[in-house]
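The values are calculated or read from the model by the stated rules, or taken from the named source; none is laboratory data. The model shown is predicted, which means the values in this text are computed figures rather than measured ones. Here the Cβ is made from the backbone with ideal geometry for all residues, glycine too, and neighbour counts use every protein chain on show. We work out accessible area using only protein heavy atoms, side chains counted, and drop any ligands, DNA or RNA first. Shrake-Rupley method; radii C 1.70, N 1.55, O 1.52, S 1.80 Å.
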There are 2 protein chains.
Amino acid sequence: MNLVPPNGRRPTMKDVAAMAGVSLSTVSRVVNGSPPVAPELAVKVERAVEMLGYRHNHTAGTLRRANGLSGSLGLIIEDVSNPFFSAVHRGIEEVARTRSVVTFAGSSDEDAEREHALIEAVLARRVDGLIVVPTAADHTYLLRDVANGLGLVFVDRPAQSIDADSVLSDNRGGAQRAVEHLLAHGHRRIAFVGPPPTLYTARERLAGYRAALAPAGLSELVRHAVEPADAYGAVLGLLDSDHAPTALFTSQNLITIEALRALHGRGRQHEIAHVGFDDIVLASAIDPAVTVIAQDPVGLGRAAAELLFSRLDGFVGPSRRVELPTPLVVRGSGELRPPG
Amino acid sequence: MNLVPPNGRRPTMKDVAAMAGVSLSTVSRVVNGSPPVAPELAVKVERAVEMLGYRHNHTAGTLRRANGLSGSLGLIIEDVSNPFFSAVHRGIEEVARTRSVVTFAGSSDEDAEREHALIEAVLARRVDGLIVVPTAADHTYLLRDVANGLGLVFVDRPAQSIDADSVLSDNRGGAQRAVEHLLAHGHRRIAFVGPPPTLYTARERLAGYRAALAPAGLSELVRHAVEPADAYGAVLGLLDSDHAPTALFTSQNLITIEALRALHGRGRQHEIAHVGFDDIVLASAIDPAVTVIAQDPVGLGRAAAELLFSRLDGFVGPSRRVELPTPLVVRGSGELRPPG
DNA sequence: CTGTTAGCGCTTTCAG
DNA sequence: CTGAAAGCGCTAACAG
């Protein structure tokens, strides 16, 4: 059964053809399941394939194939091990799988150079498309590739320099809804704790916070955390200040977690209302359960892949922008009322 | 700057050679940075590359290159969006990056057929190596590929059917240490809640639990949760039983989370001691903070990649098995003493 | 130091 | 329905 061929050479179609006593083209036809081919020949070929342990070299085929597709795509995210982005990956995989397309995945670590190196690396492996969570400000160098047929979709944040398909969450709307929810529960001093507005998503969420406060005529109370860990101190500082807030809006995953540590550390979790942006594991296990604005990262990935494949399928319209809703998930912490 | 070539054809080395007025081989030498090449010619080539927006086709080179390496590898894990496995992915990426190797990543979803399809897909794209969290019982079909130079490493669980390099956590030792820790704090009735022992890791952890109880002459109290969600009910059942345990060992990530929900839901988190296998986010935010046995998934990935590349670098010794330590992280929940 | 040539493994006309 | 032959984009001898 498992005869290892004498030499260390992988068997090729030529070897299969020789063993089966047919021509190269017949092997190709059988391997690619493209009739017409006589059943008896097909059987002979299949037997030879089995015997030799022949493995199709899809990349060699790509070189010659009419459409030139490699059946692969590149995914560049901030970090493959960040649960948010790995969920995006998962969504992409779900639709790529239906087309037998495999995915190169890599982390940019929010570093433009690294992003660029990764993109070049996967492009050199001739991926059919690219899905990118953009970090770099300039992506014009991809324009030529797109003109030459590369599929390109940006996800989570829009590209700044070029016009391309993109899939985003409703960041601003979600943040606004979170703050309006706190307002509706009687809060007048609502603090914002989040990363500085360098990234698109951070800017949008801050804008949402402001959009909610403005019509109420309330003044803002903003604390920026450069590193997520900074949020811990920021929240403690807010709790200790003269004019302490009665409610907290934390604009991101890791910052919400730090805020929880601070709140619980001080035993104030039942007094200070809190809504976080991004759902977190254990949000419903702790007391009070954490009210959040939920994103749908898997949906983000799915939508990005759909857009990408529609291009590869020949869609040539103008660039599209899909925005996914960010519903409020009520669990308890966001429904605490201010004292008095 | 960004002249898109008139036709939709990607420029090739031939185009570059023609524009630069040199031969194909000279272009190849410049592109691959393999001297000797006259500086003036190099400049001409580089200019032409720039003008045309030439992009190297690394896969075409693979076909002809002496070593035949594609500079890519395949990673098959249970789920790309599971934080544990995506951390493994991250570890692999860290070492692959130093060699400019990119990674195909896909999810087997604990399904042997899917695993097989994925492996075939990446093999057809001629990856240099494969890192697999095995689900299928049989991997003998990979033997021939390994004989033909494929690097192969199993991670998190050993392969059952073939002899290959593998990287594991010390599952049994970690579980044993967890239970011994609870014994040392005076507990005599310690329950085990975990998945049924179908998977290697589950079996090992259960064995560790038993290995700790046996010398103490204590009887076991085991509850299996087929789905993580089942652990919630299982823990409630234990709490309500006549001979309720005073301590809990939960043998996995998601099960620990469900147990926490149950414990906190009943307000028993300060009475029942609890140690979980696998670290979890927010473990230190809740009260009491959760004592765990920590794995090092990033280290698992790094080690797997090191083993893989050592093979590609020509190492030909017998198969190696690396086992990573699983330290106890003391935080509070595991140090509660039994009543009385 | 540079160019010519053969050919990697495959798909695709094009004849038979 | 099957085979022969050309050639995808590239690298590696080998001459010059």
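What to note about this one:
- Taking the label point 7 Å along Cα→Cβ, A:Asn67 and its counterparts in the other copies are spaced 3.4 nm apart, in ascending order.
- Net charge of the neighbourhood of A:Ser241, taken over other residues with C-beta under 14 Å away and scored Lys/Arg +1, Asp/Glu -1, is +2.
- Distances, shortest first, from the label point of B:Ser310 to those at the same position in the other copies read 5.0 nm; the point lies 7 Å along Cα to C-beta.
- Put a plus charge on the Cβ of each Lys and Arg, a minus charge on the Cβ of each Asp and Glu, and nothing anywhere else: the dipole of chain A about its Cα centre is then about 1000 debye.
- The heavy atoms of B:Val127 present about 10 square angstrom of accessible area, all protein chains included, probe 1.4 Å.
- Integer Hz, Karplus 6.51/-1.76/1.60 couplings in order for segment B:285-293, x for Gly and Pro: 8, 8, 10, x, 4, 8, 6, 9, 8
- Cβ-defined net charge surrounding A:Ala202, 14 Å radius [Lys, Arg +1; Asp, Glu -1]: -1
- Cβ-placed point charges (K, R +1; D, E -1), dipole of the protein assembly as shown about Cα centre in debye, nearest 20: 1520
- Percent of C-alpha pairs per 10 Å bin in segment B:128-194, short distances first: 18, 35, 18, 17, 10, 2.
- For the Cα trace of segment B:6-52, dividing Rg by the Kirkwood Rh returns an Rg/Rh value of 0.97.
- For A:Lys14, the solvent-accessible surface computed with a 1.4 Å probe is close to 150 Å², ligands and nucleic acids excluded.
- Partners for B:Lys14 among aspartates and glutamates (Cα-Cα distance below 14 Å; same-chain residues under 8 apart left out): B:Glu46
- Within straight-line cross-link reach of B:Lys44, aspartates and glutamates at Cα separation under 17 Å, skipping those fewer than 8 residues along the same chain: B:Asp15
- Cα-derived Rg over Rh, computed across chain B with Rh taken as Kirkwood radius: 1.15
- In this structure A:Arg99 has an accessible area near 100 Å², from a 1.4 Å probe over the protein heavy atoms.
- Reciprocal of mean inverse Cα separation for segment A:1-113 (Kirkwood radius, Å): 17.0
- On the beta carbon distance between B:Glu94 and A:Glu227, with R0 = 25 Å, the FRET formula returns roughly 0.75.
- Plainly put, the tip 7 Å out from Cα toward Cβ on B:Asp163 is 6.3 nm from that tip on each other copy, the closest given first.
- Protein-only accessible surface at a 1.4 angstrom probe places the residues B:Asp287, B:Asp111 in the order B:Asp287, B:Asp111, largest first.
- Largest to smallest in accessible area, the residues B:Ser333, A:Ser34, B:Ser100 fall in the order B:Ser100, A:Ser34, B:Ser333 (1.4 Å probe, all protein chains included).
- Its DSSP H runs of at least 4 residues, each contributing -39,500 (n - 2.57), put the calculated 222 nm mean residue ellipticity of the protein assembly as shown at -13000 deg cm²/dmol, to the nearest 500.
- Taking all pairs of distinct alpha-carbon atoms in segment B:67-180, Kirkwood radius in angstrom: 14.7
- Beta-bridge orientation, the protein assembly as shown: approximately 5 percent antiparallel, per DSSP, counting only bridges with both partners inside.
- Amide H contacts for B:Arg331 (H built 1.01 Å from N in the peptide plane; partners 5 or more residues away or on another chain; cut-off under 5 Å): B:Thr291, B:Val292.
- A:Ala147 paired with A:Glu220, simple spin-label distance in nm, labels 7 Å along Cα-to-beta-carbon: 4.1
- Distance between segment A:303-340 and segment A:184-206 - C-alpha centres, whole angstrom: 18
- Inverse mean reciprocal Cα-Cα distance (Kirkwood Rh) of the protein assembly as shown, Å: 27.8
- Projecting label points 7 angstrom from Cα along Cα→Cβ for B:Thr140 and B:Arg47 puts them 6.3 nm apart.
- Sequence of B:Arg125, B:Arg223 when ordered by accessible area, the most exposed leading, probe 1.4 angstrom: B:Arg223, B:Arg125
- Interchain or long-range residues, amide H under 5 Å from B:Phe277's placed H: B:Thr250, B:Ser251, B:Gln252, B:Ile293
- Close amide H pairs (under 5 Å, H built 1.01 Å from N) link A:Val155 with A:Val132, A:Val133, A:Val167, residues at least 5 positions away or on another chain.
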